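A.B. asks: I am attaching a structure below and will ask some questions about it afterwards.
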Amino acid sequence: MADTGVSTESFAAEKKQEFQGKKLRMAIIGCGGISETQIRALGAIPEVELVAGADLKPDRLEVMKSRYGLKALYRDYHRMLKEVRPDAVTVCTPNGVHAPATIAALQAGAHVITEKPMAMNPRQCQAMIDAAKKARRKLCVGFQYRYHPATQMLRRARDAGMFGRIMFVKCLALRRRGIPNWGVFGQKRLQGGGPMIDIGVHVLEMAHYVMGSPKPIAATGKVWTYLGNQPSSVVSAWPNWDWKTYTVEDLAVGHIRFDTGAVLQIESSFAAHIERDQWNFTLVGEKGGCTWDPPTIFTDQAGTMTNTTAAFLPKGDFAVLFEMKLRNFVDACLYHKPLEAPGEAGIAVQKIIDGVYRASQANREVTIN
Ligand SMILES: NC(=O)c1ccc[n+]([C@@H]2O[C@H](COP(=O)([O-])OP(=O)(O)OC[C@H]3O[C@@H](n4cnc5c(N)ncnc54)[C@H](O)[C@@H]3O)[C@@H](O)[C@H]2O)c1
């Protein structure tokens with residue numbers, strides 16, 4: 001386990017005492033769009049003191065200075081780690097930098113939360129987990145959707161046995177035309193893939209979590225690129241993406257088999273000729289089923305096929321979910337509370353994604369070790 005901290009109650013209390021009045025000195029690697037969402041969420045966590053930021057781009061460092069008053073700013077994260085020695089780091093770079101930045105931060109003695117996906121592939125994820133173990137530091141993956149009230153409701157239902165043996169799960173992370181027109185999301189070399197690794201990962205992580213995190217054993221799948229790599233005059237919310245550097249898939253579909261006998265199907269797209277965008281999963285078990293949106297549980301009760309919804313669920317907006325994921329990370333660093341999404345959760349999801357990409361390349365089912 002990456003979460004190597006001793007987690008007895010007495011030790012947690014001792015740690016709380018030790019850190020009373022102290023702050024968790026946090027630094028950012030990658031000061032782009034999502035780092036700003038994180039900074040706003042961290043503002044609600046009084047134990048956190050944001051001490052430094054690193055980004056290759058001077059204009060992003062300028063934003064950190066002018067908008068958030070961050071003073072210790074670096075072009076080179078290695079130098080930042082050496083000079084600032086932060087207690088914790090949040091990695092908000094493109095996917096290809098997640099592993100090297102995380103490993104460098106762990107080796108410099110910092111706890112790390114990395115944005116999703118955990119990395120480009122399972123090999124990198126394993127290296128990150130190993131580095132965390134060696135450094136005896138926390139490693140957390142920024143999977144905010146498992147904190148969503150709907151996800152939590154369905155996981156509780158699963159834990160209470162309401163679904164029985166889970167047979168089939170269908171995940172949808174579909175955009176009709178939503179190719180990011182910022183960053184490097186269209187470049188396979190820097191991102192590892194397209195919609196499957198970028199947005200499919202969100203629905204996969206929450207569905208896999210609700211399933212009880214079974215072990216994936218085999219994958220089939222196919223990915224296609226047919227729209228993103230050419231100019232387009234279609235009116236859409238995010239026009240003018242960089243089609244010349246676009247090397248990722250537009251559409252990915254995959255089938256995953258688990259050691260429990262369950263099968264999961266995933267459909268994910270940046271661009272596809274479909275009726276509308278979809279963001280959901282449905283689950284079918286022997287005793288019951290569910291859908292995430294709207295959160296509903298399907299069972300037979302007293303001779304009636306019954307659909308159950310919650311009388312009350314808290315709102316699960318983006319800002320709140322970010323606050324929850326960062327709160328969990330800070331609590332793990334300072335008070336040794338368990339991480340909700342440790343490196344092991346990240347690598348399991350990454351193996352599913354990697355399996356679909358490998359199967360598409362090989363044109364056959366591949367095994368997942
Ligand atoms: N959790 C979520 O819902 C969510 C949402 C959006 C993005 N993300 C993830 O966050 C990450 C960043 O996405 P973004 O939208 O902020 O992208 P972005 O392009 O806006 O920001 C990335 C920043 O990283 C910087 N960078 C690149 N290489 C670097 C290096 N070697 N050292 C330091 N800085 C470097 C870039 O200059 C850029 O400013 C991605 O992995 C993405 O998947 C997560």
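The values are calculated or read from the model by the stated rules, or taken from the named source; none is laboratory data. This is a predicted model, so every value here is computed, not measured. Glycine also receives a Cβ, built like all others from the backbone with ideal geometry; neighbour counts cover every protein chain displayed.
A.B. asks: Quickly run through the stretch 23-54 and pick out the residues that are of a type in the set (A, V, I, L, M), more than 9 Å from the ligand (Cβ to nearest atom) and outside any strand (DSSP E or B).
C.D. replies: Selection gives I39, A41, L42, A44, I45.
A.B. asks: Does any residue of the stretch 91-104 turn out to be of a type in the set (S, T, N, Q), buried (at least 23 other Cβ atoms within 10 Å of the Cβ) and touching a Gly at 6+ places or on another chain (Cβ under 8 Å)?
C.D. replies: Yes, there is a match, as at least one residue in the stretch 91-104 is of a type in the set (S, T, N, Q), buried (at least 23 other Cβ atoms within 10 Å of the Cβ) and touching a Gly at 6+ places or on another chain (Cβ under 8 Å).
A.B. asks: Looking for whichever is in contact (Cβ under 8 Å) with a residue 60 or more places away in the chain, over 26 Å from Q350 (Cβ atoms) and either polar (S, T, N, Q) or surrounded by fewer than 24 Cβ atoms within 10 Å (Cβ to Cβ) (or both) here; the options are I45, I34. Which one fits?
C.D. replies: I45
A.B. asks: Tell me the residue from S232, S213 that is surrounded by fewer than 19 Cβ atoms within 10 Å (Cβ to Cβ) and modelled with pLDDT under 95, please.
C.D. replies: Result of the check over S232, S213: S232.
A.B. asks: Given the structure, is R327 farther than 21 Å from A131 by Cβ, not assigned by TED's automatic domain parsing to the domain that holds I197 and not polar (S, T, N, Q)?
C.D. replies: yes
A.B. asks: Continuing with this model, one more query. Only one of T291, T308, T299 is over 24 Å from I353 (Cβ atoms), surrounded by fewer than 18 Cβ atoms within 10 Å (Cβ to Cβ) and modelled with pLDDT of 95 or more. Can you tell me which?
C.D. replies: Exactly one of T291, T308, T299 is over 24 Å from I353 (Cβ atoms), surrounded by fewer than 18 Cβ atoms within 10 Å (Cβ to Cβ) and modelled with pLDDT of 95 or more, namely T308.
A.B. asks: For the stretch 102-116, which residues satisfy the criterion of being within 11 Å of the ligand (Cβ to nearest atom) and either among the polar types (S, T, N, Q) or out of contact with any Leu (no Cβ under 9 Å at 6 or more places or on another chain) (or both)?
C.D. replies: Within the stretch 102-116, T114, E115, K116 meet the criteria.
A.B. asks: Can you spot a residue in the stretch 5-21 that is over 22 Å from M118 (Cα atoms) and modelled with pLDDT of 95 or more?
C.D. replies: no
A.B. asks: In addition: List the pairs whose first member sits in the stretch 66-78 and is of a type in the set (K, R), whose second member is buried (at least 16 other Cβ atoms within 10 Å of the Cβ), and whose Cβ atoms are under 9 Å apart, counting only residues at least 6 apart or on separate chains?
C.D. replies: Once the first residue is of a type in the set (K, R) and sits in the stretch 66-78, its partners that are buried (at least 16 other Cβ atoms within 10 Å of the Cβ) give R67/E36; R67/I39; K71/V51; K71/A52; R75/A54; R75/D55; R75/L61.
A.B. asks: Can I ask one more? Would you confirm whether or not the stretch 121-131 contains a residue that is in the same structural domain as A54 (by TED's automatic domain parsing) and either touching a strand residue (DSSP E or B) at 6+ places or on another chain (Cβ under 7 Å) or within 11 Å of the ligand (Cβ to nearest atom) (or both)?
C.D. replies: Yes - at least one qualifying residue is present in the stretch 121-131.
A.B. asks: Out of (1) within 10 Å of the ligand (Cβ to nearest atom); (2) over 11 Å from the mean Cα position of the chain (by Cα); (3) of a type outside the set (A, V, I, L, M), the odd one out for Y145 is which?
C.D. replies: Unmet condition: (2).
A.B. asks: Further question on the same structure: Would you check which residues across the stretch 65-89 are within 10 Å of the ligand (Cβ to nearest atom) and either assigned to a helix (DSSP H, G or I) or out of contact with any helix residue (DSSP H, G or I) (no Cβ under 6 Å at 6 or more places or on another chain) (or both) and list them?
C.D. replies: Hits for the stretch 65-89 are R75, D76, Y77, H78, M80.
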